[in-house]
Every structure is written in C-alpha cells, then in structure tokens.
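Undergrad: Mind having a look at this structure? Questions to follow.
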Amino acid sequence: MKKLLVSVLPLCFLCLSMEPVLSHPGHDHGPQLRTWKDNEGLFEIQGSFVQLRDDKVQLSKSDGTTVWVPFGRLGLADRDWVLKKVDAIRSINESQNVEFGSQDGATQDNAAGFNIGLAVLFLLGLVMIGFVCKFLQQTGAAGGRWGQLATIRKMALPASAVALATGSVCLLAETNSEKEETPQIQKAFEPFADRVKFRSDKNYFYIESNGMPDHPMMIGIRAWQQQVPLPQPYTGSNAWRIPLHPKMAANPVSAKSALFRGAIALAVNGVPIFNPIKNDGRTDTLIAGELDEFGGHCGRGDDYHYHIGPVHLEKIVGKGNPIAYALDGYPLFGYTDANGKEPRDLDTFNGRMEEGGYRYYSTRKYPYINGGMRGEVTVIEDQVDPQPRANNVRPALRPLRGARITGFKRDEAQKTATVIYQIEDKTHSVNYVIQNNGTYHFVFTDGDGRETVEDYQSRKGGGQGKKDRPDGMKEGKNNKKDPSKNKKGSDNKKDGQEKGKKRPDEKKDGDGLRLPWLGAHFDELDTNKDGKLTLDELKKEFEKTFSGYDKDKNGVLHPDEYSGRSSVRSALAGFVKGHSGEFADKDGKITRQALQDALFNMFKKSDPRGTGKLTKAEVSSVRPRNKN
C-alpha cells in the first residue's frame, strides 16, 4: 500500500500540471468566414476575423495566410461587424478576468505563463515528494529505503530552484527571440500578406510575389508596346532582397545618368518600381503617356511595374507609413512627411535625413521617387544586382501607333485577363488565359471582330516569336484575316523584304526602338565569346570588311564595290551598305579613314571612360551624358 502511495502521488501531480494546458480560455474553435470588402471596391478578401490592433484588422484567409487591413479601409458593414465582435470578445475576457489584447501579445503571454507554470508546478511536485519521503521515514514505512528517500528529499529543493530558473530563462529567451525575428520593414509589407510572402536573415529581408497588384492595370496608357501584365515568378532564389541594415554610400548612384535597367525599389504590395526614365536614357515615361492610372505599365517580359511613386497605397497602409523600399534598404514615403506637409528640403536623390534615419519621398515632379541609390548597392550592367528576373513568355513587340487602352478585366480564379484598347473609333482587345499545363493562350480581336489565336510556352530569358502585325494581331493558327487584303505596311511585303525578315541593322530593343549598331551585332563582333567587345575585335572586323570590298586595293571604296551583291560576309558589311551616306563623299566614295572614324566613334561613345572593353548592355543603350 505504501509503495502504491509513493508511485501514485507523482502521477497526481503530473495530471494537475497538465490541467492548464488542456483547459484554456479564449481559444476559438470555430472561425467564422466572411467576405470582407473595402469602402472603394478595390479588393475583396474571404477570411475570418483574428484581432483589432492599432486601428488595423487582422484577417485569416482560408489558405492559412493572414493579412492586415486598416480599419478605416473596410466597408461600413464590416466595420460595424468588427466593433460588435470586439465588444463580445471583451465581455467574455472580462468575465474570465482576462485582458483583451493582440494575438501576438496573447501568444507570447500564453507561452510565458506556460513556462512559469511548468516551473512552479514542478517545484510544488518536488516539495510534495519531499514531504512524503519525510512522512514515510518517520513512520518507518520506508524500511531499508530510508537512505534513498533522504537523498531524494535533499535533492528536492535545489531541483525546484533549477526548475524555476529554467522557466524564467525560457521566458526571456522566447521574448527576446520574438523581438529579434520581426524586422521593422516587415510591418510595411504586412497589409499585403495575402499577396506577398516574406522572410529574413541577419542581413536581408526577402519578399516573394507575382508582381500583380490588386488594382486595375494598363487603363489610360496612350503609348503602348503591346505588352500585357502576366504573373512573374519572384519566389525562392528569385525573390526580392532588401538590406536590413542600409549604409550611406560614399559614391551614390544617380538615376539621372544610370540605373536605366531593372528595378530600383519595391512597393509594399510586391510590385517593382523602375527608373522613371526608360532604358533609352532620355524618355520620361509619365510625360510620354506610357503609364496607367496608377503609374505603371508592362515591360518587355510582360512584367508589370511602376515608374512613379505608388501613393495610392497610402489608402491601405495609411499616411506616414512607407509605400515602398528602395533596393538600398531605405524606405520610400508618399508626398507628405509626418507633419502632413510636402518636404521642400530634399536632396538630389529625393530624400533627407530624419530622426528615424534617411528616407526617400515621392514627388509630383521628376524624379517622382528615389532619385537613385543613396545607400550602398552593387551595380552590374546598369542595374542593381542581384535582383529577380522576369519570365519572358512572348517576344518584345513594337509600339502600336494610335492605341489607347480603355479597359482591363481579370478573373484570378480562372487565370484570365483582357486588355481593351481603342484605335480611332474601333475597339480591339487582347484576351489571355494561363492554362494548367503552363501554356499561355492568347486571343487577339481587332476592331472588325476578327480573331487571331496564339499559344506561348514559358521561356525564361526571352526568345524570338512570330513577327507582330501592325494592327496588333499575330500570325496564328486560327487567323481569320482576309488574305485578299494587302494593306500598306503589312507583313506580306515590306520595303522589298520577304515576310518576317529584317534589314541587318533593324534589330530592336524591348521598347521597340532600334538598337545601336554595336548592340544589335554584339554577338557577331564578340569573336572570342567572352562577353566583352574590345577595340581590337572591332579593328579586325573593319579590316576584314574594308579589304573585302576594296577590290582594286586603292584604299577607297567606290559605289560599285560595296553596292549590290557581294561576297563579303561580315556584320560590318550591312552597315556599310545601309549607312554609306553618313561617311561617303558626294560621289559616294568611302575612304579607309572615314569608315574607320565612323566605326571607332561608335565604340568611344559607348566607352566614355576609355576602358577599351564594352559589355552588351553598354553598347545596347547609348545615352547622352547628363549636363546637370
């Protein structure tokens, strides 16, 4: 009987110690799903209410993700529902003498109570064991085991102290860990947790998204290159990366003279922000009419991005909070500062130092956003590196003259979207569906209702596709275009060229603009394929071409030597034929020196530092030097 008592008592204490874990107040076993709407009809969210904290509502979506929405952004019916729910929860908690607080705080407090509770219960258990041992000793019930019981009794008090100390250490460690694992930047992205995912390490904050905002896209664009918004794989190793500990650069990079490729910031909704000046180094995208109502458009990879400050996001994140982060780690705010005034003392990078550190501001005039990288970054081939790559599904197309985008529709559940545009008085459209097998199914409908169907496969890094028609249609398997009609400028014949073929110097960049000659023929000129074009390689190309044309070897090319058919096969051969008027005299004669000067001047224009080596990016976007 006494042995049984010794065995049962510890089990009783163990059962008592588990009681707080098995029965705890405030746990919701039946979340109520609702359709939450904002007061301007920009979004709908299917989810359950979690908490109201700091005038923000946390919702739990059916897929397990959470999102924070400013209370004032919700519709009137949803706000009334939240207030009633909060009152009901407060009443329950007050009846149980539990303080109403945030989910995060509750989780931390529960963890703290659990650790301390275990320590205290363990202490009480050891004390009780000590009393039982003393009782058995005094009654002689323990017999020859008195020495063992005495040892247990002596160990009870130190073990109790150790248990209590362990609980306290666990509490402190967990509290500190919670604080360290949540970087400040995360709060800016939390309102969009239903569309973006984030993680961090000691040095960087990583954001995953598909680059597609909640709002309508493309509407209002007057200069369109026929690109449409497609989801992008900004995930995993291709996620966005922002420094957690930004540092001011000794030699900051200005967006006026550099950074014309790639993103320079990331909006808090996961949409990248590019330099307001496009990659030709001179065109202001806003002034040129290339941006939609929200300041964005699509690039050559059908990747949607902004070119000006996405100040509309303040309706969700609230004024006074960041709307984006530059890739150097510094935040970008809207038009006004903490005092509600537009800053007038911004530096050349559209930023200034404040109490909380350096920050950029959006402005209504150029540069609109961060005017470059005031913080430390690595720039490779005129863009911040590393940064995610877009998934090029279709080839880059040329501008569609006279087109004005008037509508955009999408159904995310069906993975389909439609861009509607006007040319003169006729309505055209591009409808596309992302199919389950990864195929992109496009239907182009012209102003007369004729359709062209085209399917594309995902092709990372781009590729060549079928030549686009002047009216925005593409040659496809179900093209209903009347073959008897042959409009001027159609793809049947153009300037004596066969269908689909281009002149040697007609290669174009992603903006539909003709590339500089060196950029268009870089791969042919880079004879050793090391990714660098040297002056020596260019000289060899010159000598081969000139000597091939100079049949009489007199150092002068006559029109009858370089015009018409020729056996000369080189990249420069087409340049001589197509641009002879730029360096030939009035009789059409081209001297060795004239051709050499024209060729080498192109190289020097792309190599202002005189390195003698050029990358493809450097020769593909020659820009005028900034006079400011």
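Undergrad: Rounded to whole Hz and in sequence order, give me ³J(HN,Hα) for the stretch 208-221 from the Karplus expression 6.51 cos²θ - 1.76 cosθ + 1.60, θ = phi - 60°, writing x for Gly and Pro.
TA: Here the 3J(HN,Hα) series is 10, 7, 9, x, 10, x, 6, 7, x, 10, 6, 5, x, 5 Hz.
Undergrad: For Ala594 and Arg53, compute 0.36 nm times the residue count separating them, minus their Cα-Cα distance, and round to one decimal in nm. Please list the in-between numbers first.
TA: On the way: separation 541, 0.36 × 541 = 194.76 nm, distance 7.36 nm.
So the chain would gain 187.4 nm between Ala594 and Arg53.
Undergrad: Sticking with this one: Just to confirm a number: summing +1 for Lys and Arg and -1 for Asp and Glu over residues other than Val311 whose beta-carbon lies under 11 angstrom from that of Val311, what do you get?
TA: Charge balance near Val311 sits at +2.
Undergrad: If you take every residue apart from Trp81 with its C-beta less than 12 Å away from the C-beta of Trp81, what net charge results, scoring Lys and Arg +1 and Asp and Glu -1? Before the final figure, lay out the partial values.
TA: Working: positive: Arg34, Lys37, Arg79, Lys84, Lys85; negative: Asp78, Asp80, Asp87.
Overall, the nearby charge balance is +2.
Undergrad: A follow-up question, please. Just how much of Trp68 is accessible, in Å², when a 1.4 Å probe is used and the result is rounded to the nearest 10?
TA: Around 20 Å² of this residue is reachable by solvent.
Undergrad: Decide, for the stretch 203-310, between rounded, prolate and oblate: order the square roots of the alpha carbon gyration tensor eigenvalues as a ≥ b ≥ c, take rounded if a/c falls under 1.5, and otherwise choose prolate if a/b is larger than b/c, else oblate.
TA: oblate
Undergrad: Solvent-accessible area of Met353, probe 1.4 Å, all protein chains present, reported in Å² to the nearest ten, please.
TA: 120 Å²
Undergrad: Moving on to the next point. Tell me, what is the FRET efficiency for Asp201 and Arg398 to the nearest 0.05, using R0 = 51 angstrom and their Cβ-Cβ distance as r?
TA: Computed FRET efficiency for Asp201 and Arg398 comes out at 0.75.
Undergrad: Too long at a 29 Å Cα-Cα cut-off: which of Lys85/Lys202; Lys539/Lys586; Lys197/Lys341; Lys540/Lys605?
TA: Lys85/Lys202; Lys197/Lys341
Undergrad: If you take the Cα atoms of the stretch 347-392, find Rg, then find the Kirkwood Rh from the mean of 1/r over all pairs, what is Rg/Rh?
TA: 1.07
Undergrad: Still on this structure: Considering only the other residues whose Cβ falls under 12 Å of the Cβ of Gly329, what net charge follows from Lys and Arg at +1 and Asp and Glu at -1?
TA: +2
Undergrad: Go through 72-85, 365-378, 195-208, 258-271 and give me the packing order, highest mean Cβ count within 10 Å leading.
TA: Final packing ranking: 258-271, 365-378, 195-208, 72-85.
Undergrad: Under 5 Å between amide hydrogens, which residues at least 5 positions from Gly334 or on another chain qualify, with H placed 1.01 Å from N in the peptide plane?
TA: Gly320, Ile323, Ser362
Undergrad: Right, another one. ³J(HN,Hα) across the stretch 346-355 via Karplus (A = 6.51, B = -1.76, C = 1.60, θ = phi - 60°), whole Hz, x for Gly/Pro?
TA: With the stated coefficients, the stretch 346-355 comes to 6, 7, 5, 9, 6, x, 7, 8, 10, 4 Hz.
Undergrad: While we're on this one: Using modelled amide H (1.01 Å from N, peptide plane; none on Pro or chain starts), what sits under 5 Å from the amide H of Lys56, excluding residues fewer than 5 places away?
TA: Close amide H contacts, sequence-distant or interchain: Phe71.
Undergrad: Also, I was wondering about something else. Once amide H atoms are built 1.01 Å from N in the peptide plane, which residues 5 or more positions from Gly372, or in another chain, come under 5 Å H to H?
TA: Here the answer is Ala255, since their amide H atoms fall under 5 Å of that of Gly372.
Undergrad: Per residue of the stretch 437-442, in order, report the coupling 6.51 cos²θ - 1.76 cosθ + 1.60 (Karplus, θ = phi - 60°) as ³J(HN,Hα) in whole Hz, putting x for Gly and Pro.
TA: Taking θ as phi minus 60°, the curve returns 7, x, 7, 9, 9, 10 Hz for the stretch 437-442.
Undergrad: So, one more: Which entries of Lys551/Lys616; Lys247/Lys604; Lys56/Lys315 have Cα-Cα distances beyond 24 Å here?
TA: Table pairs above 24 Å Cα-Cα are Lys551/Lys616; Lys247/Lys604.
The values are calculated or read from the model by the stated rules, or taken from the named source; none is laboratory data. All figures in this text were calculated on a predicted structure; none of them were measured in a lab. Here Cβ is always computed from backbone atoms with ideal geometry, including for glycine, and neighbour counts include all displayed protein chains. These accessible areas exclude ligands, DNA and RNA; they are computed on the full protein's heavy atoms, side chains included. Shrake-Rupley method; radii C 1.70, N 1.55, O 1.52, S 1.80 Å.
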